[in-house]
1. Which one of these is open to solvent by 40 Å² or more (accessible area, probe 1.4 Å) and without any contact (Cβ under 8 Å) to a residue 24 or more places away in the chain: B:Gly73, B:Gly55?
2. Pick from the stretch B:144-173 the residues that are in contact (Cβ under 8 Å) with a residue 24 or more places away in the chain and in a helix (DSSP H, G or I): which of them is farthest from B:Phe17 (Cα to Cα)?
3. Can B:Ile297 be described as open to solvent by 10 Å² or more (accessible area, probe 1.4 Å) and under 23 Å from A:Thr87 (Cβ atoms)?
4. Evaluate the following for B:Leu333: is it under 25 Å from B:Asp83 (Cβ atoms), of a type in the set (A, V, I, L, M, F, W, C), part of a helix (DSSP H, G or I) and in contact (Cβ under 8 Å) with a residue 60 or more places away in the chain?
5. Could you tell me which residue of the stretch B:267-277 is least open to solvent (accessible area, probe 1.4 Å), considering only residues that are more than 9 Å from chain A (Cβ to nearest Cβ) and free of Cβ contacts under 8 Å to residues at least 40 places away in the same chain?
6. Across the stretch B:214-229, which residue is surrounded by the fewest Cβ atoms within 10 Å (Cβ to Cβ) among those that are facing chain A (nearest Cβ under 10 Å) and among the polar types (S, T, N, Q)?
7. Among the residues in the stretch B:389-396, are any among the polar types (S, T, N, Q) and either open to solvent by less than 40 Å² (accessible area, probe 1.4 Å) or over 30 Å from B:Ala176 (Cβ atoms) (or both)?
8. Report those helices (runs of 4 or more DSSP H) wholly inside the stretch B:5-56 carrying at least 1 residues which are within 13 Å of another protein chain (Cβ to nearest Cβ) and within 29 Å of B:Asn71 (Cβ to Cβ).
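The values are calculated or read from the model by the stated rules, or taken from the named source; none is laboratory data. All of these numbers come straight from a predicted model, not from anything done at the bench. Glycine also receives a Cβ, built like all others from the backbone with ideal geometry; neighbour counts cover every protein chain displayed. When the accessible area is computed, the model is the full protein with side chains, heavy atoms only, and any ligands, DNA or RNA have been set aside. Shrake-Rupley method; radii C 1.70, N 1.55, O 1.52, S 1.80 Å.
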Amino acid sequence: MSIKTITEEDIKTLETLAAKYPVRRSALLPMLHYVQSIQGMVSPAGIQVCARVLDLTPAEVAAVATFYTMFKRFPMGKHHIGVCTNTLCALLGGDELWKQLTNILGIGHDETTADGLFTLERIECQAACTVAPVVTVNWEFMDSMNPKAVRELIEKLKMGAPVQSTRGVQITSIADSGKVFAGINDGKYAESPLADDSMLAGLRVAKERKMSAPTGKGTK
Amino acid sequence: MALTPVLTAHWDDPNSFEITSYKKHGGYVALKNSLKMTPDEVIGIVKDSGLRGRGGAGFPTGMKWSFVPQNDGKAHYLVVNADESEPGACKDIPLMLANPHALVEGIAIGSYAIRANHAFIYIRGEVPHAIRRVMNAVEQAYADGFLGKNIQGSGFNLDVVVHAGAGAYICGEETALLDSLEGRRGQPRLKPPFPAVAGLYASPTVVNNAETLASVPSIILNGADWFKSMGTEKSPGFKLFAVSGHVKRPGIYEAALGTPMSELLDYAGGMRKGSKLKFWIPGGSSVPMLTPEHIDIPMSYEDLSAAGTMLGTGTPMMFDHTTSVVKAVTRWLEFYKHESCGKCTPCREGTYWITGVLEKFEHGKGKEEELTIINDVCGQIAGRSFCALGDAAATPFPGAMKYFADEFLQATKTSADASFPPSATTIFEKAGV
């Protein structure tokens, strides 16, 4: 896989990110997300560029890049697949889905398929325990998964067929998600589905049983 | 006790995340009201309400705000902790997804109260859906004059930056979060100095959980007494309870603090068919587990603490009789080992060694005397690290031994998978389809 070069245009974007903060170094995480979205990884070149823009040494930037699990030092595939194997998801089926995905894709943790399509990762709790077990594609959530849904998901992604995340947007690539992490608004906020069963569970019971918060002077 | 939808009241609106929907239900009126008061009056109302932090520690919010020194000529900062990563916690992310404006309005009010002109929303990286909704809410609030320069003609200025983390549980610890927000490795700082005195950029800073701030507008709007009419004396108000695990209807249940767990479980439809509750964790893996005998405990800070555990994030995980306690605890320890930032030796080395020994038990190869060793190591970690991650790592094992020692003894002979076949624990019909 050839790795894209970071262009002058990209450096201008990095400058805008740095300008958002009272102290420019605060932009380092967003900047690393951005260079990773261009190159599919945080490469030595990406580290150099961030260091230059923020007037840091490459070692200082590398120290930060290696601390956070979302930053990869190897090229990711087009799609990043995460399987939550923290306790609750694991027990409710995440372990089973993990085994299944390693079999289907023929790769293990932090590995990429030979065709460059998928990178697989065991991930920690995604704050979606009410919709366990959770699988992520480019960090977009696929809630309440099961083996059949996982098989179909991978087939669709292989064919390039449209896949809608249950909480996020239509799946494109890990590169696009990276721009959002960098703080660049892609305007797709309304593409996420509306509140799901798990989010509405309490409100529905409250309405059924005619329960509500006390009426306040400002209640509308 | 009852369900009390406030934050979740309009989540079934098709556009609950838009400013139009939020304003239709009284949104941003609390901000306008606040701007007519002095900052100290705003702090006074929040103090009177008794609102306590919803991130886990339960510190009184108004008091935290009042610790920020006034007229010191320094820039002040409000930082939102939306780094929700505690295993079992899943309430801030849905909140930001469905009702991001409650958070934005709470930030504007909180910033005004502590005299901050800059606020940062630190959201964990792995949730693009929530990041988009919050970014959009911030942009809409700027466009409507609720953020930016001279807000609603008050002369108060506020800039808000949405900032994504990059995968590190430790950044939920407030001082680690500040280091991360400064573009460094997210490692905790020694306290004191506390953030109220020297936080972000060594300036006075308040770090509040997202749900805490989102609760503020309703308090300003309806008053402290209204808020205190819900909950208990020491735990006033409403709370998002995220009930997960082997229940029929896992989800978000917004109820008064002090609502018994048995009642929440009833709202969630009870345990799944044919299953019996075995153990449950009231607020994230960092608090000790409880058993069915504790099911009537009121979900308040004080009652859970009296039962030897904590409210934590208020996100109960319910596990049924098919679950291996040994496997559950081992997996949590693997998590703490992965997430230990490495700064303090007891936490870094302790989580590594405990995990190694626990994995032997999971495979049915533990030795009885090793249970004492794990317990000793837990004792060497707790209270001997900079931050609460170490204490949290030392929690699951002693908590489990209190009620399920026999299961660890069984794990000296039989593997967890043999004693508790995983296919029975999964929630899909048949494993391996």
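1. Working: B:Gly55 fails: without any contact (Cβ under 8 Å) to a residue 24 or more places away in the chain.
Of the residues listed, the single one that is open to solvent by 40 Å² or more (accessible area, probe 1.4 Å) and without any contact (Cβ under 8 Å) to a residue 24 or more places away in the chain is B:Gly73.
2. Looking only at the stretch B:144-173, we keep the residues that are in contact (Cβ under 8 Å) with a residue 24 or more places away in the chain, and these are B:144, B:146-147, B:151-152, B:154, B:156-173.
Of the ones still in play, those that are also in a helix (DSSP H, G or I) are B:151-152, B:169-172.
Numbers: B:Ile151: 21, B:Gln152: 22, B:Tyr169: 27, B:Ile170: 29, B:Cys171: 26, B:Gly172: 25 Å.
Among them, the one singled out is B:Ile170.
3. Numbers: open to solvent by 10 Å² or more (accessible area, probe 1.4 Å): yes; under 23 Å from A:Thr87 (Cβ atoms): yes.
Taking the combined requirement at face value, the residue satisfies it.
4. Working: under 25 Å from B:Asp83 (Cβ atoms): yes; of a type in the set (A, V, I, L, M, F, W, C): yes; part of a helix (DSSP H, G or I): yes; in contact (Cβ under 8 Å) with a residue 60 or more places away in the chain: yes.
In short, yes.
5. First, pick out the residues of the stretch B:267-277 that are more than 9 Å from chain A (Cβ to nearest Cβ): B:270-277.
Subsequent filtering for residues that are free of Cβ contacts under 8 Å to residues at least 40 places away in the same chain retains B:270, B:273-274.
Values: B:Gly270: 17, B:Lys273: 184, B:Gly274: 77 Å².
Residue satisfying both the conditions and the ranking: B:Gly270.
6. At the first step, the residues of the stretch B:214-229 found to be facing chain A (nearest Cβ under 10 Å) are B:217-223, B:225-227, B:229.
Restricting the remaining residues to those that are among the polar types (S, T, N, Q) gives B:218, B:222, B:229.
Numbers: B:Ser218: 26, B:Asn222: 22, B:Ser229: 16.
Among those that are facing chain A (nearest Cβ under 10 Å) and among the polar types (S, T, N, Q), it is B:Ser229.
7. Kept after step one, since they are among the polar types (S, T, N, Q), are these residues of the stretch B:389-396: B:395.
The next check asks that each one be either open to solvent by less than 40 Å² (accessible area, probe 1.4 Å) or over 30 Å from B:Ala176 (Cβ atoms) (or both); those that pass are B:395.
Scanning the stretch B:389-396 turns up at least one residue that is among the polar types (S, T, N, Q) and either open to solvent by less than 40 Å² (accessible area, probe 1.4 Å) or over 30 Å from B:Ala176 (Cβ atoms) (or both).
8. Once the helices (runs of 4 or more DSSP H) in the stretch B:5-56 are filtered for at least 1 residues that are within 13 Å of another protein chain (Cβ to nearest Cβ) and within 29 Å of B:Asn71 (Cβ to Cβ), what remains is B:29-36, B:39-49.
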